[in-house]
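Asks: What follows is a structure written as structure tokens; I'll ask about it next.
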């Protein structure tokens with residue numbers, strides 16, 4: 001039975017049966033996609049398995065990679081509104097399929113606490129880490145800025161498409177991706193928020209969960225999209 | 001007038017049977033997040049020579065059945081899947097990556113003699 005299992009798992013593209021200790025949180029979008037596929041399969045409707053309708057990109061394999069990074073400056077947040085700084089680190093070595101990356105989306109899950117009712121305004125900035133330095137000890141050397149966005153009253157999770165990462169991966173097939181995340185609270189609101197909450201930054205630091213959703217298109221199974229002839 | 005078919009013959013003819021694969025039975029529930037299982041189905045039944053043209057058969061199956069009549073050393077045409085469809089699976093690997101992948105040819109939609 002084990003031998004047959006092994007053969008079948010190889011057919012599924014796995015070396016052995018995974019044995020995770022506990023399941024990672026699955027974002028709503030993945031649940032939505034699989035539910036839609038199940039419904040379509042049950043009704044016998046034809047499906048384009050090389051296009052992810054829910055994300056609007058071509059692709060036949062979706063991976064959610066957990067962040068393996070660490071926080072910087074974990075002392076009390078400064079009065080300039082800087083809430084947290086974190087190095088996000090993603091292991092992309094599993095993404096080695098012959099094909100191309102069509103999407104890389106950073107998902108920041110803010111945790112169960114909603115910041116919506118506070119009208120808290122966060123500024124999220126994400127940069128590429130050019131040089132890690134001494135891992136976990138020195139401040140990394142930063143490269144180009146990928147995201148800078150102001151979010152008013154955030155709740156649930158925030159998603160950011162990292163188009164630059166897609167281009168980089170398709171050029172060099174990176175094994176690791178290190179990003180620098182900084183979250184700031186808008187200064188004019190900070191004092192008001194501070195008065196209402198014990199320390200929103202501290203809470204955010206404890207509840208923040210980052211992951212990277214990557215979509216790949218295997219050209220062996222999916223032909224590149226062709227333009228219709230006129 | 002139609003020739004009456006003996007009772008029970010139709011039931012034994014090649015057709016699709018329902019089979020639900022429950023991942024818990026395979027111990028796969030430890031790493032497959034969704035679905036909990038799927039309707040895989042299977043094909044089973046006879047492919048008699050006289051019926052091959054009715055049983056969604058290929059030309060090859062007809063020739064094989066004909067050859068079996070002429071020489072029993074040639075095996076009979078058998079009941080096989082003629083149309084399959086994929087399923088999507090959401091699972092977690094040992095690197096804590098959550099993966100959504102499609103697997104072709106996992107569900108038997110139609111059966112025939114081949």
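Asks: Return the ratio Rg/(2.2 N^0.38 Å) for the range A:17-95, where Rg is computed over Cα atoms only. Spell out each step's value before the answer.
Replies: On the way: Rg = 18.7 Å, N = 79, 2.2 N^0.38 = 11.6 Å.
The reported ratio for this selection is 1.61.
Asks: If you average 1/r across every pair of different Cα atoms in chain B and take the reciprocal, what Kirkwood value do you get, in Å? Walk me through the intermediate numbers first.
Replies: Details: mean 1/r = 0.0606 Å⁻¹.
Every distinct Cα pair counted, the radius reaches 16.5 Å.
Asks: Quick one: order B:109, A:7, B:71 by neighbouring beta-carbon count within 10 Å, fewest to most. Display every interim value, and only then the final one.
Replies: Details: B:109 13, A:7 10, B:71 7.
With the fewest neighbours first, B:109, A:7, B:71 line up as B:71, A:7, B:109.
Asks: Viscosity 1.306 mPa s, temperature 10 °C: what is the translational diffusion coefficient of the range B:75-114 from Stokes-Einstein with a Kirkwood Rh over Cα pairs, rounded to a whole number of µm²/s? Provide the component values of the computation, followed by the final result.
Replies: Details: Rh = 12.2 Å.
Stokes-Einstein gives a translational diffusion coefficient of 130 µm²/s.
Asks: Using Cα centres only, tell me the gap between the range B:58-114 and the range A:129-189 in whole Å.
Replies: Each part reduced to its Cα centre gives a spacing of 47 Å.
Asks: Using the alpha-carbon atoms, what tilt in degrees (0 to 90, nearest 10) does helix B:59-70 show relative to the longest principal axis of chain B?
Replies: 50 degrees
Asks: So, R0 is 45 Å and r is the distance between the beta-carbons of residue B:39 and residue A:206; what FRET efficiency does that work out to, to 0.05? Don't skip to the answer; put the middle values down first.
Replies: Numbers: r = 43 Å, r/R0 = 0.96.
E between residue B:39 and residue A:206, to the nearest 0.05, is 0.55.
Asks: Same structure, new question: What does the average come to when, for each residue of peptide B:84-91, you count the partner chain Cβ atoms lying within 10 Å of its Cβ? Spell out each step's value before the answer.
Replies: Details: counts 0, 4, 4, 4, 12, 3, 9, 6.
Mean inter-chain Cβ contacts per residue within 10 Å come to 5.
Asks: Between residue A:168 and residue B:19, how many nm apart are label points set 7 Å from Cα along the C-beta direction?
Replies: A separation of 4.8 nm, rounded to one decimal place.
Asks: Still on this structure: If you take the beta carbon distance between residue A:23 and residue A:141 as r and set R0 to 45 Å, what does 1/(1 + (r/R0)^6) give as a FRET efficiency, to the nearest 0.05?
Replies: Details: r = 36 Å, r/R0 = 0.79.
The pair residue A:23/residue A:141 has a calculated efficiency of 0.80.
Asks: Shifting gears a bit: Rank these for me by crowding, B:87, A:183, going from fewest to most other beta carbons within 10 Å.
Replies: Numbers: B:87 21, A:183 25.
If I rank by nearby Cβ atoms, fewest first, I get B:87, A:183.
Asks: Moving to a separate point now. In peptide A:30-40, how many Cβ atoms from other protein chains are near each Cβ within 10 Å, on average? Show your work: numbers first, answer last.
Replies: Working: counts 6, 4, 0, 3, 8, 3, 1, 9, 5, 0, 1.
Partner Cβ neighbours, averaged per residue: 4.
Values in this text are rule-based calculations from the coordinates and carry no lab data. The structure displayed is predicted, hence computed values, not measured ones. When we count neighbours, we look across all protein chains shown, and the Cβ atoms used for this are built from the backbone with ideal geometry, even at glycine.
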